[in-house]
């Protein structure tokens with residue numbers, strides 16, 4: 001058996017929970033995923049993915065935590081109650097112009 005060493009990292013609890021959920025579906029323990037990441041850093045001699053600011057496209061509801069989704073829905077409900085509404089066609093045209101969707 002190869003020798004191992006400990007790596008300690010502080011991460012947001014919600015991020016850790018989301019990552020564990022995805023890794024659980026894949027059948028990969030967190031420690032194995034971290035080892036894979038570190039091996040790719042060594043093999044590629046750098047971070048194994050692009051590090052850049054995200055584009056300004058809307059994200060899917062599935063990418064939000066339950067608490068964030070609830071907060072966004074509450075904002076939407078408050079906006080509708082306050083009369084902040086637009087025609088669907090206008091919204092669609094704006095999204096196509098701004099985001100290409």
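Coordinate-derived values only; no laboratory data. Predicted, not measured: the structure shown is a model, and the values here were computed from it. Cβ: placed from backbone, ideal geometry, glycine included. Neighbour counts: every protein chain shown.
Restrict the check to the range 65-88 and report whether at least one residue is closer than 21 Å to residue 15 by Cα and surrounded by fewer than 10 Cβ atoms within 10 Å (Cβ to Cβ). Working first, answer last.
If we filter the range 65-88 for residues that are closer than 21 Å to residue 15 by Cα, which is where we start, we get 65-73.
Imposing the further condition that a residue be surrounded by fewer than 10 Cβ atoms within 10 Å (Cβ to Cβ) reduces the set to 66-67.
Yes: the range 65-88 contains one or more residues that are closer than 21 Å to residue 15 by Cα and surrounded by fewer than 10 Cβ atoms within 10 Å (Cβ to Cβ).
Regarding the range 65-81, can at least one residue be identified that is assigned to a loop (DSSP other than H, G, I, E, B) and at positive phi?
no
Which one of these is in a loop (DSSP other than H, G, I, E, B) and within 30 Å of residue 3 (Cβ to Cβ): 59, 34, 28, 41?
28
In the range 31-50, what residues are in contact with a helix residue (DSSP H, G or I) (Cβ under 6 Å, 6 or more places away or on another chain) and either under 15 Å from residue 9 (Cβ atoms) or exposed (fewer than 12 other Cβ atoms within 10 Å of the Cβ) (or both)?
Matches in the range 31-50: 33 only.
For residue 19, indicate whether it is surrounded by 10 or more Cβ atoms within 10 Å (Cβ to Cβ) and under 18 Å from the mean Cα position of the chain (by Cα). Even if it seems obvious, please write down each step before you answer.
On the way: surrounded by 10 or more Cβ atoms within 10 Å (Cβ to Cβ): yes; under 18 Å from the mean Cα position of the chain (by Cα): yes.
In short, yes.
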